[in-house]
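The values are calculated or read from the model by the stated rules, or taken from the named source; none is laboratory data. Not measured: the values here are computed from a predicted model. For neighbour counting, all protein chains shown are included, and Cβ atoms are generated from backbone atoms with ideal geometry for every residue, glycine included.
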Amino acid sequence: MTGQTPPFELPPELAIDTDVARRVIGGFIRGQLQQAGFERVVLGLSGGVDSALVAYLVAEAVGPQALLCVLMPYRTSSPDSRTDAEAVAADIRCASESVDISPIVDGYFDSAGVAGGAGGVDASALRRGNFMARARMAVLYDRSVTWRGLVVGTGNKTESLIGYTTIFGDNACAFNPVGDLYKSQVRQLALAVGVPESIVRKAPSADLWPGQTDEMEGGFSYPLLDRLLFWRVDKRRSTEELVELGFDLGLVERVDRMVAGAEFKRQVPPIAKLGPRTAGVDYLYPRRRPGSTAR
Amino acid sequence: MRIALAQIAPRLGDLEANLARHHLLLETARADGAALVVFPELGLTGYLLQDLASEVAMRLDDPRLAELAAATRGLSAVVSFVEESIDHRLFIAAALLEDGQIRHVHRKLFLPTYGLFDERRFFAAGDVLRAVPSRLGFGVGLAVCEDFWHLTVPQILALDGAQILINVSSSPGKDLAATNEVGLGTATSWRLLMRTYAQLTTSFVVFCNRVGVDESISFWGGSEVIAPTGAPVFSAPLYDEGLFCVDINPADIRRERIGLPLLRDERPEFQLRELGRIVAERAGLAEDTTDPGATR
């Protein structure tokens, strides 16, 4: 299925005004920093289009000198990813550094009793992938202290909706400027802000094992999935209406299940209601308010 | 006549900082020769207050409000804040300050509590809609944001004598579909309805919308002044802060109302009769003529 899909296709109903998007996102990034009392940003740069786009947007909003890009390869990560990430950091002229997460991940899975012996041979790709994502999160939050910057999120709306994220891993951040953009829109905006075309057009991959691509794993192309989610979520179309629009019934039902199953990843965990006022229930404040930046 | 639109980004929950900014902008506008200065909805407090609302609320006898009013000698200004009534209800209020006095207070009538809005949870809705005479020489009608998404508001204000309809807003922008005029769905909708109101009420429409960011929400600005013909006189840029001065000719109101006497031909008594019937039918006090099966 992915074989017949061109690497970048923008469904017309998903096309956004990229000038307005840049204005809004630039103001959003500056607002988040100002309200939190920070001037700098830390970003995990993978070599993929999502984190590359955010790097360009942050540099555009607050200047490249405020941005630290951290490359966090694992020993099986694609060398091409690293080359692409380095090209982005060089083009932006921001600070960048590389932290090899192999010792962290291997150290854990090599530990006695963790995953059936040395090398963690029994650990599934899912376990290893999730652990890698959380190791990267831990590195970014540590660097946020030394760099004195906020961790910026780079997850897009498509992966958030279908749950193609690791909770408390790649979805952990202080704020996310692109989380309301579908993958196709991320690519459209990436081209507009100057992300190298090779990065925009390459097949998206979580890069958890060699040759992995999102689209092969999910069994559908991003333009198709983005369109389906757009009509379902943003335009509130019923299953019958989606089928009339030409979507396959089986795909609609499958994606519905994925979206419903990932609801927990998009929300703050519930706290048992016991006292008179409970955070997130009936104690409701904006996360930044007068006094909150005093440290 | 010169109108100054203060398209600002208030600091969320920081009443003192916002008050200082209002004082400063009033003086700037005065120096620029403005007769009327308009600030956005909740310009004194920020929008997404949640439980902060009670902490930044002011009674109408609050000395800080009196001090702000005192800064309007020789001026008219519209400012907006959280008003706490004597019985401790919180309202989103817009006040017309003139010549040192609080001339009129409008409490937001329609509190959106759907989609990204949750106003009814934190605020009480106003019950009164009045146009007021002003030192500017004609009637003024105040409305706050969502009030303008209800046809009755501009109509009643115009019938009550308003010749300039002032809407102050904290309108969050959404929908960046490339097909939208100016690239923003919210701006397209607002422009359409404001031009329609200006033409149908043959009044000036003045719209002051904030900019800046509260949490996830970005406010889009795009403040406007629209002539009684429905033609825009001025459109402020989207998302930029600024104090924008716009000159209008009040004689345009008379010209348009003579040429297009829509307000003369309005029939409020007939509206009242039909509305009375609809209210009675909805309450089950009369047979529903359009839906005979309706529960009574």
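Things worth noting here:
- Filter result (surrounded by fewer than 18 Cβ atoms within 10 Å (Cβ to Cβ) and either free of Cβ contacts under 8 Å to residues at least 24 places away in the same chain or not acidic (Asp, Glu) (or both)) within region B:244-256: B:245, B:249, B:250, B:251, B:254, B:255
- When the residues of region B:217-236 are filtered to those that are polar (S, T, N, Q) and not in a loop (DSSP other than H, G, I, E, B), the one that is nearest to the other protein chains (Cβ to nearest Cβ) is B:218.
- Scope region A:278-295; condition within 9 Å of chain B (Cβ to nearest Cβ) and at pLDDT 90 or above; matching residues: A:282, A:283, A:284, A:285, A:286
- Taken together, the residues in region B:16-51 that are part of a helix (DSSP H, G or I) and either surrounded by fewer than 22 Cβ atoms within 10 Å (Cβ to Cβ) or more than 13 Å from chain A (Cβ to nearest Cβ) (or both) amount to 17.
- When the test is whether a residue is closer than 23 Å to residue A:67 by Cβ, in contact with a strand residue (DSSP E or B) (Cβ under 8 Å, 6 or more places away or on another chain) and among the β-branched types (Val, Ile, Thr), residue A:152 passes it.
- In region A:5-35, of all residues being β-branched (Val, Ile, Thr) and not in a helix (DSSP H, G or I), the one that is nearest to the other protein chains (Cβ to nearest Cβ) corresponds to A:16.
- Filtered residues of region B:166-182 (kept if assigned to a helix (DSSP H, G or I) and free of Cβ contacts under 8 Å to residues at least 24 places away in the same chain): B:181
- Residue check, residue B:80 within 30 Å of residue B:151 (Cα to Cα) and touching a Phe, Trp or Tyr at 6+ places or on another chain (Cβ under 8 Å): yes
- Residue within region A:53-61 that is more than 9 Å from every other protein chain (Cβ to nearest Cβ) and surrounded by fewer than 17 Cβ atoms within 10 Å (Cβ to Cβ) present: yes
- Here residue B:189 meets each of (1) in a helix (DSSP H, G or I); (2) in contact with a strand residue (DSSP E or B) (Cβ under 7 Å, 6 or more places away or on another chain) with one exception, condition (2).
- Flag for residue A:38 being over 20 Å from residue B:180 (Cα atoms), part of a helix (DSSP H, G or I) and among the aromatic types (Phe, Trp, Tyr): no
- In region B:158-170 there is at least one residue that is crowded, with 18+ Cβ neighbours inside 10 Å, within 14 Å of another protein chain (Cβ to nearest Cβ) and over 13 Å from residue B:238 (Cβ atoms).
- Among the conditions (1) in contact (Cβ under 8 Å) with a residue 24 or more places away in the chain; (2) touching a helix residue (DSSP H, G or I) at 6+ places or on another chain (Cβ under 7 Å); (3) at negative phi, the only one that residue B:113 does not satisfy is (1).
- Scanning region A:119-159 for residues that are among the acidic types (Asp, Glu) and either surrounded by fewer than 20 Cβ atoms within 10 Å (Cβ to Cβ) or closer than 13 Å to residue A:41 by Cα (or both) yields A:122, A:142.
- Positions within region B:217-234 being among the hydroxyl-bearing types (Ser, Thr, Tyr) and surrounded by fewer than 18 Cβ atoms within 10 Å (Cβ to Cβ), in sequence order: B:229
- Odd one out for residue B:182, checked against (1) at pLDDT 95 or above; (2) surrounded by fewer than 19 Cβ atoms within 10 Å (Cβ to Cβ); (3) within 14 Å of chain A (Cβ to nearest Cβ): (1)
- Considering region B:187-216, the residues that are among the hydroxyl-bearing types (Ser, Thr, Tyr) and surrounded by fewer than 19 Cβ atoms within 10 Å (Cβ to Cβ) include one that is farthest from the other protein chains (Cβ to nearest Cβ), namely B:196.
- In the set A:206, A:192, only one residue is surrounded by fewer than 19 Cβ atoms within 10 Å (Cβ to Cβ) and in contact (Cβ under 8 Å) with a residue 12 or more places away in the chain; that residue is A:192.
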